[in-house]
Every structure is written in structure tokens, then in C-alpha cells.
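Quick note: the coordinates plus some simple rules give every number you see, no bench work behind them. Since the model is a prediction, treat every value here as computed from it, not as a measurement. Here the Cβ is made from the backbone with ideal geometry for all residues, glycine too, and neighbour counts use every protein chain on show.
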Amino acid sequence: MIQLKNIEKVYRTSTVETLALNSISLDIAKGEFLSIMGPSGCGKSTLLNIMGLLDTPSKGSITIDNQGTEHMKDKALAGFRNKKLGFIFQSYHLINDLSVLDNVELPLLYRDSTAKERRQLATEALEKVGLANRMKHFPNQLSGGQKQRVAIARAIVGRPEIILADEPTGNLDSAMGNEIMDILMQLNEKDGTTIVMVTHDENMAHKTHRLVRLFDGSQVQ
Amino acid sequence: MFKHLFKLIWNKKKQNALLITEMLVSFLVMFAVFSMIVNFYHNYRTPLGFEYKNVWLINIDNPPHFNKGDSAAMYYQNIRNVLTNMPEVKEISYSSGNTPFTSSTMTTGYRHKSKLYSPVNFFRAEDPYDNAFDLNLLEGRWFDKRDNAATVEPVVINQSFKEQMFGKGKATGQLIGGYDEKDTKKMRIVGVIADMKDKGDFRPAGMSLYTRIDTGFFHHVGRIVVKVTPAAGAAFEGRLYKTVANIMKESTIGIERFSQKRDKMNKETLMPVVILLILAGFLIINVALGLFGVLWYNINKRRGEIGLRRAIGATGNSVSAQIVGESMLLATLSLIVGSFFAVQFPLLNVFDLPAGVYITAMFLAILFIYVLVLVCSLYPGRQAAAVYPAVALHEE
Amino acid sequence: MLKNYFKIAIAVLRRRKFFTFISLFGISFTLTILMVLTAFMDNIINPTYPDMKRDRSLYIGRVELRNTKEGWINSSSSSFYFLTHYAGSMKRPVKMAISSGSSSSNAYVNNKKIVVGIKYTNADFWEVADFDFLEGKPYTKPQVDQGQRVAVICQSTKRDYFGDEYDVVGQYIEVDNIKYRVIGVVKDAPLSSESYHANMYVPYTLSKSDYKSTGHQGDFGAVVLAKSTDDIEKIQKDYDQIVNRIPTNSKEMDKLYSNADTHFRTIVRNVFGSGPESGFTRFLLFISGAIFLFMLLPTINLVNINITRIMERSSEIGVRKAFGASSKTLIYQFIVENIILTVIGGVFGVIFSVITLQLINESGLIDGLHLTLNFTILFYGFLTCLLFGLISGVYPAWRMSKLNVVRALKAQ
């Protein structure tokens, strides 16, 4: 599903040159649940950003669903992200001024869809994460776990084949974390969604199919 | 998408209320400014209606007193003869004090079919007045010798007055009455002239009526209108002055040129407008900077949201369009409220300006505010498009 | 504490230069306009050359006759007789200057036209006003009574008529076909001083109009000089009583109005008043309305910027609150900050005002007008500044104090 070949990422400031990723090659199969671990600053978020086409590598190539991504322009990238990828973040990134339902509908606004379809899909997604009764609430009326479930609903509403999760349980206690983890595992098993998850939590990581460890920008396992 | 933007704005109404108020007040200011400009332009576009070049004005202070009208008339006939004999003088007409480009006005009301028309500017002039100012006759004729024998007082009216009374119909030959309903004395319209914008290029002529000077008028003469040849210059002015002052030893004489009086009048009319424009200009710069600052700051505050939108499939352009769109929507909301206030002006006929002026001004003000908001939000929009999602999403 | 606030304020202002610039621009420009306006008002209210005794002068200008039933109004300057006979009968005033309105007539020198505004005055005119005599001296009462053809001319007319000649006293000036002997040259009076502005002053006995006429209305006006400022109100009362007893001398008109006003009130009455109304209330309403409207936009703008400024600092506020600052202290801090900002804006405003006034003075927009800033205007400017800072600071500060600590800390 996702092929990374010799990915290198260099950050340059006027004085310092930092190597964030050093020659990473990964092949993630369709339906796989992969976790990435490593200490802070090892480059795991950078790697996830590159997989999510939010960032471009300095060297190397990414192929997603057999499509090369190097020559895609802004518009093509945006469309690709919209249809193929779903994102989940540690700090949720919900828009506080929009209701839960509106937040979940958001990805559908960037593709052709009618208001009715959007509402239908968003309601279904919320049902999947068990928050159908909170549709009219606003994010600041929800607990952290609920917020993350909204974020998951938003990630799956467009039926993407890949979900990229950046420390989805990082801000949550273990009970809530497990809840989120269960939802992700269900998505993986039932819908066959490919999931890549960055985490700090060994327990969570061990629940996944495969674990990749990064240290100082290099793959160590 | 529109509904989405509206939701965003609506849910943030507390923060947006001040922005909306600011745009609303700016709109009202611009509405006032444009009303004034449009009105002035509208007036400026209508022809002046007379020729002022080579026309001079002799002012007489403290004219001599006469006990009998006849002797007064003879006295002024003598002056007329002396002046007409000067080769540089082409036409000469005595006139009431409200000659063109003076601040003096005389108004009264007239009745036609018992309907009162007021206020009507009321002028007194002689037969050559028409040629002195090259008036533009639309219907009938100006005063001439035929009026000596008239039993009903002849009057000439201007186009504005005619349109008020008769619309498209014919005015010549019609009879009108004076202000007092009990007064049954009638006047006959002998001609209609194009409007004379006698208060300068930027003010409308209004309804006007001209009567022919009779013997009684000469008890108190204040103004002589003199049309001279193009060659007449300062030397002739000195000679003219000496000639008149020698005859009217008791009076103070002053000579002015209508071309200079016009410039002065226009300057006086425009001065407050220019001051107001400068003020409005500064206010708008102020508002523009403020809007720009607030929008720009909002982009910084919403970096997370922008990054997220990019991540879930928004292009840079669509993010930029969203920012601009939100601002335009805010502007639209304030313009709706503003237009509600603005539309009261033509409806209630405040300040007596034509409704078209207000409506044009309203459209211009709306356009202005949209352009202002667009300009102020374009750069913040571009900033938003440039937000790097990978960075923005990991900032918090 | 205040020093601490001051330090923080400066640091904050320097951190966000663009916002600081916007705020300062708005404040200084608004203040400049208000200061220039105040300078104009000051010029009207306070003594200016040659009207140096304005504080103990009362001005009698128009006589208004009314038909209260039909609403007819006949308003005109007073006659010489009216002024001497009625205003002149008051015991309290020290002196009374009587002069006609400036009537313009022409003089021709070398085929060039000079417009000369002539005022016909009595001899006391020179004692009530404080003209600077550059040459010669004023005419005396005997000269006036004899109707001598003498004239005092102003500096600019001397230049226009005589050119660069140094001493013109004793020479003749021909205006209106009449030759006058120049006996004095004075510095020009500004156009805004209606009672004193003219190009040439001659005895009223030379006036071509009939100054002996006993009608109420004519060409003249008077400046009544009181012994001291305390006498002003008494004289006004005396005059009102006298005016009440004057018959209208006309069948059609049943009411007569004439007022002895202070200089400022005269101007207000000319613009806003009519008949018995002094127009002062209308003036106050008008001026406060205009200032309110004018200040509305800059204020909203400033409030907007201030709120943005505060929200940006929500984490700082959160920290302060977390460490025990009460809402009151925070409001206090922010208002002090805002006032410091407005005062800085005020300093710029003063600089711009000086420049603007200089430009207005040099442009010669109004003849002989010289506007200056003085301590009164500066004081009012400072007051406006404080008010501006307070108004634009209070609402944002209130919003700030409502800020939730937890969320404020989380926001950054």
C-alpha cells in the first residue's frame, strides 16, 4: 500500500544542518497495522508527515496505492490526501467554533458532495465511534477521549484506505487510550483500513501487527 | 461551503461583532461621502446654462435716494446711455442683488391651480440680461419691447420650475399666481430658459422665476451686469470705474468679473468637501490598517485549523479563498445592516437630494467596502495559504 | 509597581510593532484633528491681535425685527443712531468702538486693481482695539467730528498701493475716486476678527451712507468695553433691559432683538441662533455630536486592536492569574498599558498638530489667521488622550478578566 524508498530529510537553517531522517525504506502492505516508536525528536512525526504528503522528503520516493507522488502539484496532493488518507493527531485539532457534526463533515466539504450525503456519512462515522448522541455539542463540551473519537470519526468519514495517527493516545489516560486503540483495531480488522500509528506506548505498539523503531532518524528495528 | 463559512462566523459572533460594527460605521461614513460626491458630480455634469466670460458686475453701495420713481428711472437711463456709448460695452442690464455667483438669494412661493410651489428663486432683470449671459431659451421668448404694453405681468421661468408645474407640457401662455392665495393678481409665462446654475458648478439651480424690471425697481439699484468685448482689460476696467464713480458720487462702486466670482464660489463650495474627504481618507486608512491587523492576527491564531484543513484535503488556494470569503461574508452582514439605515435616506427624503444620488452612493459605498475588505484580507489569505501544514499541526 | 507596568508596556509595544503602529496612527491622527479644531476654537475664544481685550468686550451686531404672527424676519446690522442712542446710554461701559462693516471698493494703481475694504469708525475704535501702529497714529475725535479726509491703512494695502516706499504718512491714497491723507499704517487684522478686519479705516463722518438716520438698522456694529470682567454680566443685563423698551417703529414688526454678546457667543449666534435663541445649546449638541461621530471609528478600531492584542497574550494572562493576580490588578495593568500607549500617541499627535497648524498658517487659507498651540490646548489634548485610552481600554480589559485560566494556559 505504501512504499518508502531511501527517504532522507534534511532541515537547514543558515548555520546548522540537521538530518531528521536517514535513508528509511519501508513497505507497508494493504490492511497492515503498523506502529512507529522512538524517543522524542527521533523523526517519527517527520516520517508520518512525509507519508501523509504533508511534507516532502529531501531525497527518496514515496508510492501510495501504486501511485508515485513526487510530481504531484498542490491541487493533486490535496485531492489525494482528501480521498486516500485520514489523519488523527495527538492534540485532536478540532475546530472549536464548529459543532461535532460540522467537524466530522469537514473533509467532505473538499470534495463533491451534497449536504444530505455529508450529514448521512458524518452520522454514520459518529455512530461507529459511539458518539451519535453528541452531534450537536461543541468540542469544548467534550472530554479528551470523546474529542479523539470525534477526530477518528472525521478521519474515517471520507472512507480512506489509509489512516495516519500521530500519538492518538498521547493525551489520554490508559482507559481512554485503550478505548481509542480498540476503535482503531476494529477499523483495521473489519474495514481493512491500513493504519500507521506513531506512539510512545509500548503496550499500544504491541497490539499492532508490526513495530518499527527509529533512533536519530535511522530505522533500528 | 457558503453555509460552512456562515456557521464559522455565526459561532464566533462575539469576536466578529466588533469587526462588523467597524465595517458598518465605515460603510455609513462612505455612504455620506459618496452621497456628497455623487451629488456634486451630478450637479457638475448639468450644464451651467449661461456664459460668464467677459461679463462683469458693477456693485453699487448706498445708491442715491429718489422721491419719485420717474426721476430714478431717468437717472439710471442716463448711466445706461453713457455705458452703452463705450465701444467695449456690448450689453448692459440692471439686476436684483442675487446675480450669479453671489451668496445672496431671494426666494418666494408661487401658485398654479391653487398648488403652492416653494421655495422659488426670484430674479429681476432687464431685456438685455438674456444676451449678456447668453441664456439658453427652451420655449417662448425672453422679455422685450412687446412687454411694455402687457396688461398681465410677464415672467420667464426656468426648466426645473416648468417641469414641477407642467411636466412635459407647454408652459408659455400659462398664468400663475403669487404666494398669497387671496392675491388674485396673475402673471403670464412668456418663456422658459434652461436652468442657470447661479450658485456655481456644484449646486443645483432649483426652481427659478424671472420678472422684468419696472420703474419702481429704480428706487434701490444695487447691481449692473455688463457684457464687454473680449479685448476689454484692466485699463478699460479702470476707465469704466471712473466713469460710473463720477456719475454716482455719493455711492461706493466696485467692479468684479463673473469668471473670478465663479472660481471663488466653487472654492467656497468645495472647501468643506475637501476637508471632509481628507478626514474620511484618514478614517478609512485607520480602519484598513485595523482590519488588516486583526485578520492577520487571526491567521496566526488559526494556524492549527489551517494545517488541519490542508491535511484533510484543502488546497492552498481554497484555504486562502476561505479566509477572504469569511471576511467578505462579514462585510456582507454589516452591509445588509448598513443598507437598511442608508435606504431610509431616499425613503424619508432626508436633505432633499434626488433618490438616484442616494442609491448610486449606496452602491458605490457597498463596492468600496467590499474592495476595502478584499484588499485587507488578500494578504492574510495568502499568508494562510503559505501555512506549512506539517509545522502547523505539531505546534501545539 | 507602576514602573514595572511601564516596562512591560514598552516591551509589549515593541514586540508587536505592526499593531503598535496601527494604534499609534489612529490615536495620533484623531488627536491631531481634535487639536487643530481646538486651536481654531481657541483662536475664536481667546484674545488675538488686535482684539486683545476680548475678555471684557461685548459685541453688538445685528438688530432683528420680527413679526411673530407671520414669522417674518428682518435682520440687519445696527444703525449708528441705534448704537449711540441705546447702547451709548449705558453708564457702566468705559468705551464703545463703533465701526461699519467692511465695504469693499476699488483703487486703481498703474492699471492694477486693488480691492480695498473700508471701515468707517469712531475715534474710540482705536482705544478699544489694540492695533500695532507701524507708522503714524490714529485719528482723533476732533478730526472725526470735523470730517477730515484722513485714513489709517493696513500694511498689506500700503504694500499694494505704495510699493516699497518706507514712509507713507502724509501721502494720499485714492480710493473710490476720493483722496484720503494717510495718517497711520497698522499691522493687518485677521479676517476672522469681523469687528476689526479691514484694509483701510476712515472717520465715520465720511461714510456715504446716512449715519444720521434714526432707523434701527444700518451698517454699523459696536464693541462695548467693560471696566472689568465682572462688569460683563451686568452690562448684558442692562442692555437687555434697554432693548426690551425699544419700540420697533414699524407697524408690521412687533418684536425687536439685539444682543450684547461675548465674542464667542456672537459667532455661535451667527451660525446657530435666531431671534431670542442664543443657539448655544444647539451649538453644544452639534459639536459634541460631530466629535462623537468622528471619534467613533478610531475608538472601535482601537478596541478591536486591543482585544486582539489581549487575546494574543492570553498565556501571559493565564500565568499571571495562576500566580495569584486578581482580575482587578490585571484590568488595572492593561488600562495603564493602554494609557501609556495613548499618551505616546498623544506626543506624536502634538508633533503632527504643530506641523498641521504651521501648514494652515502658511497656506494663507484665511487671511491673517495665525493658529498656535498653547498650554490650554495641550491640556485639553492630554485630557482627550486619557479619555481615549480609558474608553478603548476598558472593554478589552473586561474581556481579559473574564478569560478562563485553564484555557488561557492551554492555548499556547
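For this structure, a couple of remarks:
- Averaging the Cα positions of each part gives two centres, and for segment B:279-342 and segment C:12-78 these lie 39 Å apart.
- Estimated inter-spin distance, C:Thr372 and C:Met41, nm [label 7 Å along Cα→Cβ]: 2.1 nm
- With contacts taken as Cα pairs under 8 Å and at least 6 residues apart, segment A:1-121 reaches a relative contact order of 23 percent.
- Relative contact order of segment C:56-116: 18 percent, from C-alpha pairs under 8 Å at least 6 residues apart in sequence.
- The protein assembly as shown - mean residue ellipticity at 222 nm from DSSP helices (-39,500 (n - 2.57) per run, n ≥ 4, rounded to 500): -15500 deg cm²/dmol
- Summarising the strand pairing of the protein assembly as shown, around 70 percent of its internal DSSP beta bridges are antiparallel.
- Relative contact order (%) - criterion: Cα under 8 Å, at least six apart; region: chain B: 27 percent
- Shape of segment C:51-206, Cα gyration tensor, a/c cut at 1.5: prolate
- Beyond 32 Å in Cα-Cα separation lie the following of the pairs B:Lys162/B:Lys267; B:Lys145/B:Lys227; A:Lys5/A:Lys116; B:Lys261/C:Lys187: A:Lys5/A:Lys116.
- Between C:Leu387 and C:Leu296, the FRET efficiency estimated from the beta carbon spacing at R0 = 22 angstrom works out to 0.95.
- Applying a length cut-off of 30 Å (Cα extent along the axis) and a mean Kyte-Doolittle floor of 0.5 to the DSSP H helices of chain B leaves B:13-45, B:258-301, B:316-342, B:355-385.
- Loop-located trypsin sites (Lys or Arg not before Pro) in segment C:171-242 (DSSP state not H, G, I, E or B) with no more than 14 neighbouring Cβ atoms inside 10 Å: C:Lys187, C:Lys212, C:Lys227.
- Potential extension, B:Thr243-B:Lys264 segment - 0.36 nm per residue separation minus Cα distance: 4.9 nm
- Qualifying trypsin sites (Lys or Arg not before Pro) for segment A:40-75 [loop in DSSP, other Cβ within 10 Å: at most 16]: A:Lys73
- Label-to-label distance, nm, for residues given as C:Gln143 and A:Ser218 (7 Å Cα→Cβ offset): 11.1 nm
- Long hydrophobic helices in chain C: the complete DSSP H runs spanning 18 Å or more by Cα along their own axis with mean Kyte-Doolittle hydropathy of at least -1.0 are C:2-15, C:17-45, C:280-312, C:327-363, C:375-401.
- Cα-projected label distance for B:Val152 with B:Ile359, points at 7 Å along beta-carbon direction, nm: 3.8 nm
- Exposed chymotrypsin sites (Phe, Trp or Tyr not before Pro) absent - longest run of chain C, DSSP non-H/G/I/E/B, at most 10 other C-beta within 10 Å: C:1-165
- Footprinting exposure proxy for C:Thr266, C:Thr68 (fewest neighbouring C-beta atoms within 10 Å first): C:Thr68, C:Thr266
- Annotation for segment B:34-104: GluC sites (Glu not before Pro) lying in DSSP loop with at most 10 further Cβ atoms inside 10 Å of their Cβ do not exist.
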